[in-house]
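Chemist: Please find one structure pasted underneath; my questions will follow.
What follows draws every value from the coordinates through simple rules; no lab data is involved. Since the model is a prediction, treat every value here as computed from it, not as a measurement. Note that each Cβ is placed from the backbone with ideal geometry, even for glycine, and that neighbours are counted across all protein chains shown.
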Amino acid sequence: MKPIERLAVGIESPPWDALWKVVIGFLTLPLFHVLLGHTNSILLTFGLFIAVLVALRIVPVVIRRMLPFSSEAQDIWRSRRNLSKQYDSYAWQKLFWIGLGLACYAVIGKLRYGELELTLLCLVAGGAGLVVWRRTRATE
C-alpha cells in the first residue's frame, strides 16, 4: 500500500478511529450552535445528529470511489463493512466515542435542550455496543 493508503486505512484502526470520533463528537455541538443560531429544538438537534451519522457513512464511500485505492486497502474496508453488517455492536460502538466527545464539550460548553439527552443516549447505547463487541471479539 502507498503511504496515503496506509494513512486512510490506519485512521480507521484502533486507537485512531476512536480518537477522531471523539473529535467529531466534540465539534458537533458547536457546529449545531452555529447552524441553529438561537433555536433551541430537540428535533433539530437529533435531526442534525442523524445527518452527521449519515455523513460519517457517506463521505468515506464517496472518497473511496473517487480516488484509486489498491485492492489491499479495499479488502480491509470490505472486511470492516462485513463486520459492521454481521455485528451491530461493531457499528454501535462508534456512538460511544462520539458521545465521549459530546461529553467533553458538555464539560466546557453550555448545552441546549436535547443535547444532554443526545450525549447520554450516545454514551449508553454506544457503551453497550462497545461492551458487546469486546465480548464478541474475545470469544472468537
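Chemist: From the residues in the stretch 61-86 that are touching a residue at least 40 places away in the same chain (Cβ under 8 Å) and within 16 Å of the chain's Cα centre (by Cα), which one is nearest to Ile4 (Cα to Cα)?
Modeler: Trp77
Chemist: Please find, among Ser70, Ser13, the residue that is in contact with an Asp or Glu (Cβ under 7 Å, 6 or more places away or on another chain), small (Gly, Ala, Ser) and on the phi < 0 side of the Ramachandran plot.
Modeler: Ser70
Chemist: Among Glu115, Glu72, which is among the acidic types (Asp, Glu), more than 18 Å from Leu19 (Cβ to Cβ) and surrounded by 14 or more Cβ atoms within 10 Å (Cβ to Cβ)?
Modeler: One residue alone meets the criteria, Glu115.
Chemist: Can you confirm whether Thr119 is over 17 Å from the mean Cα position of the chain (by Cα) and more than 17 Å from Pro14 (Cα to Cα)?
Modeler: no
Chemist: Could you please find all residues in the stretch 14-36 being exposed (fewer than 12 other Cβ atoms within 10 Å of the Cβ) and within 15 Å of the chain's Cα centre (by Cα)?
Modeler: Pro14, Pro15 - these are the residues of the stretch 14-36 that are exposed (fewer than 12 other Cβ atoms within 10 Å of the Cβ) and within 15 Å of the chain's Cα centre (by Cα).
Chemist: Yes or no: Val124 surrounded by fewer than 14 Cβ atoms within 10 Å (Cβ to Cβ) and under 15 Å from the mean Cα position of the chain (by Cα)?
Modeler: yes
Chemist: Right, here's the next one. Going by what's in this entry, would Phe46 be described as touching a residue at least 40 places away in the same chain (Cβ under 8 Å), surrounded by 14 or more Cβ atoms within 10 Å (Cβ to Cβ), of a type in the set (Phe, Trp, Tyr) and over 26 Å from Pro15 (Cβ atoms)?
Modeler: Yes: the conditions hold for Phe46.
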